[in-house]
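Worksheet: one structure, shown below.
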Amino acid sequence: DLEQPVIFMPTHSSYLDGLYAVRALPERFRAKLGIAAAIDPLYEKFWWFAPCADLMMNTFPFGAKLTENIKPSLEYTGRLLDDGWNILIFPEGGMNRSDLPLLPLKGGAGVLAIEMRAPIVPMALIGTAQILPPDKLLPRKRGLVVVRFGAPLHLEQSENAIDATRSVEKALLS
């Protein structure tokens, strides 16, 4: 019964995460889905693959570093949502290469949650790092991947971005 547009926020620990997150979505959400991709690595480290990702998976650049101005990324995301597009964005801002269950979320996650007026659906991707560890390009082995969807979050504009980020983080951890 979830109305579109929706912002999907999955955990991130492997280059496979985007593929599994998209595959797990029902067709009605995949049909009009934009995937926010960190400028580094996709548009810098793997620049030669970026045009293919843009065409095949509807990726678009999103600033994730502290030194990057994320305002243009937020504005573009807002335009996509206004046009009825669903968004998939990794709120950790990069791959989790640590033993922590979740990296601290970027502040933009809270801003998106309250300013874009779209439900946030947390997603936990489990098992992708065992198949394709972070910083590897070739799979190590076969394995099972589990995708868990959390209840949609409807955060109010009256919340501040820090509290909204904490709400998303809590939903991803549960």
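Inter-part distance, segment 71-86 to segment 99-174, computed on C-alpha centroids, equals 19 Å. Residues in segment 80-157 average 54 Å² of solvent-accessible surface per residue, probe 1.4 Å, ligands and nucleic acids excluded. Full extension of the chain between K136 and H154 yields a length gain of 2.9 nm, computed as 0.36 nm times the residue separation minus the alpha carbon distance.
Relative to the dominant Cα principal axis of the chain, helix 161-173 is inclined by about 40°. Per-atom-type breakdown for the chain gives carbon and sulfur 57% of the accessible area (1.4 Å probe, protein chains only). Measure off 7 Å from each Cα along the Cα-to-Cβ vector at K71 and L100, then give the distance between these two points in nanometres to one decimal. Result: 2.8 nm between the two label points. Let me see the P(r) profile for the chain: every Cα-Cα distance counted, bins of 5 Å, each bin given as a percent of all pairs. Pairs per bin, as whole percents: 1, 9, 18, 23, 23, 16, 7, 2, 0, 0.
The values are calculated or read from the model by the stated rules, or taken from the named source; none is laboratory data. Keep in mind the model is a prediction, meaning the values are calculated, not measured. Glycine also receives a Cβ, built like all others from the backbone with ideal geometry; neighbour counts cover every protein chain displayed. Keep in mind that these areas ignore ligands, DNA and RNA; they rest on the heavy atoms of the full protein, side chains included. Shrake-Rupley method; radii C 1.70, N 1.55, O 1.52, S 1.80 Å.
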